[in-house]
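Inspection log for the structure reproduced underneath, given as structure tokens.
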Ligand SMILES: Nc1ncnc2c1ncn2[C@@H]1O[C@H](COP(=O)(O)OP(=O)(O)OP(=O)(O)O)[C@@H](O)[C@H]1O
Ligand SMILES: [Mg+2]
């Protein structure tokens with residue numbers, strides 16, 4: 001479905017993506033992990049055309065998407081930091097989104113899921129952080145897109161909302177969706193992900209199944225496996241890369 005080949009991006013002297021190679025073949029949930037600043041959001045923004053890469057190729061369903069835009073109709077995207085007009089209400093934003101993007105929508109299911117209806121007539125600026133995030137998630141998922149990209153979706157959500165959201169994503173996966181989710185909550189990745197893509201210093205350190213990563217690091221939890229990678233990197237900055245396809 002997605003192939004990224006030798007992707008490079010620098011912001012001035014900051015070489016952020018240093019030859020990313022990634023292949024995402026089909027449906028399922030991919031957890032995109034990596035420390036702060038490792039390039040996760042930048043890689044996702046390159047895929048979405050919001051950041052222009054310096055070199056490399058990005059293919060979606062076999063077509064090169066650099067400079068294209070129609071493919072974005074197939075993507076539901078939750079940005080890490082959503083910037084919507086603060087003076088609009090959630091309901092107005094939902095209507096705005098519906099007028100911008102064509103296709104069937106299912107906002108009612110998401111409003112029910114998050115018990116959000118009483119919050120939708122408040123201006124975005126007046127919402128609590130978690131309720132804002134629920135509106136953002138609703139905006140990202142209300143179109144039934146085959147590809148869903150979620151950059152830190154759990155930020156600010158209470159435990160019950162996280163549980164309901166995980167159940168929703170599992171159902172989406174069963175319906176054949178491809179879901180890419182970044183998170184720093186290792187339990188979320190463990191609960192949801194079929195595969196892990198771990199970025200380190202702008203390169204792919206690992207791509208493969210969770211069980212393979214645990215086996216390689218000889219750990220039983222993802223948290224320990226990741227901590228061990230980061231710890232060994234501190235001691236010896238050059239690192240081997242493990243890519244299992
Ligand atoms: N628009 C920009 N202009 C300049 N530098 C940028 C810009 N966007 C990102 N960067 C830099 O690129 C690097 C990678 O940032 P990115 O947001 O991709 O990291 P991340 O892996 O998503 O981190 P986090 O876990 O904190 O979300 C950082 O050094 C950041 O400062
Ligand atoms: Mg990020």
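Just so you know, all these numbers are worked out from the coordinates, no wet-lab data involved. These numbers were taken from a predicted model, which means no experiment stands behind them. Cβ: placed from backbone, ideal geometry, glycine included. Neighbour counts: every protein chain shown.
Give me the percent of DSSP beta bridges within the chain that run antiparallel, rounded to the nearest 5. All intermediate terms of the calculation are to be shown ahead of the outcome.
Working: 23 of 43 bridges.
Beta bridges within the chain, antiparallel portion: roughly 55 percent.
Between 43, 218, 124, the Gaussian network model of the chain with springs among Cα atoms under 10 angstrom shows the greatest mean-square fluctuation at 218. When the Gaussian network model of the chain links Cα atoms closer than 10 Å, the mean-square fluctuations of 221, 232, 187 top out at 232.
In terms of packing, defined here as the mean over residues of other Cβ atoms within 10 angstrom, the peptides 203-209, 112-118, 223-229, 97-103 line up highest first as 203-209, 223-229, 112-118, 97-103.
Taking a ≥ b ≥ c as the square roots of the eigenvalues of the alpha carbon gyration tensor, the stretch 2-243 is prolate, as a/c is not under 1.5 and a/b beats b/c. For a test of the definition: using alpha carbon positions, the gyration tensor, and the 1.5 limit on a/c, classify the stretch 123-245 as rounded, prolate or oblate. Verdict is prolate for the stretch 123-245. When a/c is below 1.5 the answer is rounded, else prolate if a/b is larger than b/c, else oblate, so apply that to the stretch 156-226 with a ≥ b ≥ c taken from the square roots of the Cα gyration tensor eigenvalues. Here the stretch 156-226 falls in the prolate category. Which value in deg cm²/dmol, rounded to the nearest 500, describes the helix-derived mean residue ellipticity at 222 nm for the chain, given -39,500 (n - 2.57) per DSSP H run of n ≥ 4 and division by the residue count? Computed ellipticity for the chain at 222 nm equals -10500 deg cm²/dmol.
Taking 8 Å as the Cα distance limit and 6 or more residues as the minimum spacing, I'd like the relative contact order of the chain as a percentage. Could the numbers behind the result be given before it?
Values: 412 pairs, mean separation 61.9, N = 245.
Computed value for the chain: 25 percent relative contact order.
The mean sequence distance of close C-alpha pairs (under 8 Å, at least 6 residues apart), as a share of the length of the stretch 76-217, puts its relative contact order at 24 percent. As a length-normalised measure over Cα pairs under 8 Å and 6 or more apart, the relative contact order of the stretch 101-167 settles at 42 percent.
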